[in-house]
Amino acid sequence: MMTIPAETLRLWLEEGYPVTILDVRPTTEYAEWSIPGSLHVDAYEALKAHNLEALSSVTLPTDQPIVTVCGAGKMSQIAAEQLAARGLQVYSLEGGMKAWSLAWNTAEIAVAGSAVQVIQVRRTGKGCLSYVIGVDAEAFVIDASLDPQVYLDLASQHGWQITSVFDTHIHADHLSRARQLTAKTGAMLFLPDQQRVSFPFTAMRDGDTLAPPHLMLTVLHTPGHTSESTCYWLRNRVLFTGDTLFLTGVGRPDLHTTQEEATAGAEALYHSIHKLLSLPAETVVLPGHSSQPVPFDGVPISTTLAQVNAQIEMIHLTRTDFVHQLLSRLPATPPNYDRIVILNEQGLLPEVPMTELEAGANRCAIS
Ligand SMILES: [Fe+2]
């Protein structure tokens, strides 16, 4: 049986190598998260029953490899065997969508009027967005959600050395790799001021500015999603909004155990959003998540505050109506969020494979 590691498929997609991806999971799972550009046939039950006609209705190209995909890489092997019997060149994705959760791609953003370059690192398999900001020979990483080596390689390809690592908040949907990245690089670790984590860091407070030559990163405390949530404003032009503000929605008040806490979080978020909207309208917004799988197209996921103002209707509600609407639309909490939060507060990575804990789509936005 021919299989393909997720990293190889990632490289094929990055290089534009012709490949057809056939996802055989149940429709509900495919609808929640998928590989960009993949075809889908709901063949899971038929394959499980070893029905040899499971894929007979699917027409596939004969001039390029086919990669079959399922949740964990088992049913996709049966699918691959059936397609191989038709004479097709087929590979089954090793570890399925769980392994794919670590796949990523990039897009570059130029910062007008400066030598600063921003790379948006998109964890397409999960929707987490992290950033490498490069200037001169230095790089600054925000919200690292992938293996430190990914950031080290990107920095070295650009001739940068990673000197500072930031998180916008204590994450609940993925394991932060910020601490690991600082351990590997010797970089400084900057976190919003809070008493939640039990390891050393440099606290960032509202109004602080980091000013290595050409950088100018201003800290804006924007509570709501979490009490310590913070946005970073680069050169008064580019705003890294974490899980406070997205392209078409706002963050969710995260991890509140009581209705009073959730209401207080939503009220804080209302004020934080309006604080951000007071910045120049042309400010470029770079969020911490995408709610869709990110294509390998090199197109940045970004917007401007002017567009946010025009497109997100709920930000124009009164505070009371905003809170009411936000709380009525809260999505289900992400899977394993309580364990992920504890590990992020301890600065530890789990003994089980990280993809086991991080499985599933992110559910950070309300729109
Ligand atoms: Fe978050």
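The values are calculated or read from the model by the stated rules, or taken from the named source; none is laboratory data. For clarity, every value in this text was computed on a predicted model and none was experimentally measured. Because the Cβ atoms are built from the backbone with ideal geometry, glycine has one as well, and the counts that use them run over all protein chains shown. To get the accessible areas, we keep the full protein, side chains included, count just its heavy atoms, and leave off ligands, DNA and RNA. Shrake-Rupley method; radii C 1.70, N 1.55, O 1.52, S 1.80 Å.
When only C-alpha pairs under 8 Å and at least 6 residues apart count, what is the relative contact order of the range 126-277, in percent?
Working: 288 pairs, mean separation 23.1, N = 152.
Normalised by residue count, the contact order of the range 126-277 is 15 percent.
Using a Gaussian network model of the chain in which every pair of alpha carbons under 10 angstrom is joined by a spring, one finds that among THR68, THR27, THR59 the greatest mean-square fluctuation is at THR59. Measuring max minus min along each principal axis, the C-alpha atoms of the range 256-367 give extents of 45, 42, 23 Å (largest first). Projecting the Cα atoms of PRO18, GLN180, PHE296 onto the dipole axis of the chain, where Lys and Arg carry +1 and Asp and Glu carry -1 at the beta carbon, places GLN180 farthest toward the positive end.
For the range 1-132, the solvent-accessible area works out to 42 Å² per residue, with a probe of 1.4 Å and every protein chain left in place. Projection of the Cα convex hull of the range 131-205, averaged over all directions and equal to a quarter of that hull's surface, yields 4.8 nm².
How large, in Å, is the range 155-300 by the Kirkwood hydrodynamic radius built from its alpha-carbon pairs? Show your work: numbers first, answer last.
Values: mean 1/r = 0.0611 Å⁻¹.
Averaging 1/r across every pair of different Cα atoms and inverting gives 16.4 Å.
Here, P(r) means the percent of Cα pairs in each 5 Å bin from 0 to the largest distance; for the range 221-268 it is 5, 23, 27, 22, 13, 6, 3, 1.
Using 10 Å bins from zero, what percent of all Cα-Cα pairs in the range 30-93 falls into each bin? Bin by bin from 0 Å, the calculated values are 22, 60, 19, 0.
Largest mean-square fluctuation among ASN236, ASN336, ASN51, in a Gaussian network model of the chain whose springs join Cα atoms under 10 Å apart, belongs to ASN51.
Under 20 Å of direct C-alpha separation, and excluding same-chain neighbours fewer than eight residues apart, LYS74 reaches these lysines: LYS48, LYS98. Towards the positive end of the charge dipole of the range 214-367, with charges on Cβ (+1 Lys, Arg; -1 Asp, Glu), say which of GLN346, ALA268, ASN236 has the farthest Cα. The listed residue farthest towards the positive side: ASN236. Binning the C-alpha pair distances of the range 45-196 at 5 Å intervals from 0 yields a P(r) profile of 2, 9, 15, 15, 12, 10, 8, 9, 8, 7, 4, 1, 0 %, listed from the shortest bin outward.
When Lys and Arg each count +1 and Asp and Glu each count -1, what net charge do the other residues less than 15 Å away from MET204, Cβ to Cβ, add up to?
Values: positive: ARG196, ARG205; negative: ASP143, ASP167, ASP193, ASP206, ASP208, GLU228.
Spelling it out: positives minus negatives among the neighbours equals -4.
Farthest towards the positive end of the charge dipole of the chain, among the residues TRP160, HIS225, ALA112, is the Cα of ALA112, using unit charges on the Cβ of Lys, Arg, Asp and Glu.
Phi angles of the range 37-51 translate, via the Karplus equation with coefficients 6.51, -1.76, 1.60 and θ = phi - 60°, into HN-Hα couplings of x, 6, 8, 9, 9, 7, 10, 4, 5, 5, 5, 4, 7, 6, 6 Hz per residue; Gly and Pro are given as x. Derived scalar couplings between HN and Hα for the range 223-236 equal x, x, 4, 9, 5, 9, 3, 9, 10, 10, 10, 9, 6, 6 Hz in order, rounded to whole Hz, by the Karplus curve 6.51 cos²θ - 1.76 cosθ + 1.60 (θ = phi - 60°), x for Gly and Pro. Once the convex hull of all Cα atoms in the range 180-229 is built, its volume per residue stands at 97 Å³. Each peptide in 193-206, 157-170 receives the mean, over its residues, of other Cβ atoms within 10 Å, and ordering these scores from highest gives 157-170, 193-206. Coordinate range of the alpha-carbon atoms in the chain per principal axis, descending: 64, 48, 40 Å. Structure remark: mean-square fluctuation, Gaussian network model of the chain, C-alpha springs under 10 Å; the largest value among GLY71, GLY251, GLY298 belongs to GLY298.
How large is the charge dipole for the chain, taken about the Cα centre, if only the Cβ atoms of Lys, Arg (+1) and Asp, Glu (-1) carry charge, to the nearest 20 debye? Mind dumping the intermediate values first?
Working: 22 positive and 38 negative charges, 28 e Å.
Dipole size: approximately 140 debye.
Suppose only helical runs count, i.e. DSSP H with n ≥ 4. What mean residue ellipticity at 222 nm does that imply for the chain under -39500 (n - 2.57) per run, divided by all residues and rounded to the nearest 500 deg cm²/dmol? Walk me through the numbers before you get to the answer.
Numbers: 12 runs with 104 residues, N = 367.
My calculation for the chain gives -8000 deg cm²/dmol from helical runs alone.
Rounded to the nearest Hz, the phi-derived 3J(HN,Hα) couplings of the range 262-277 under the Karplus curve 6.51 cos²θ - 1.76 cosθ + 1.60 (θ = phi - 60°) are 5, 5, 4, x, 5, 5, 4, 4, 4, 5, 5, 4, 5, 5, 5, 5, where x marks glycine and proline.
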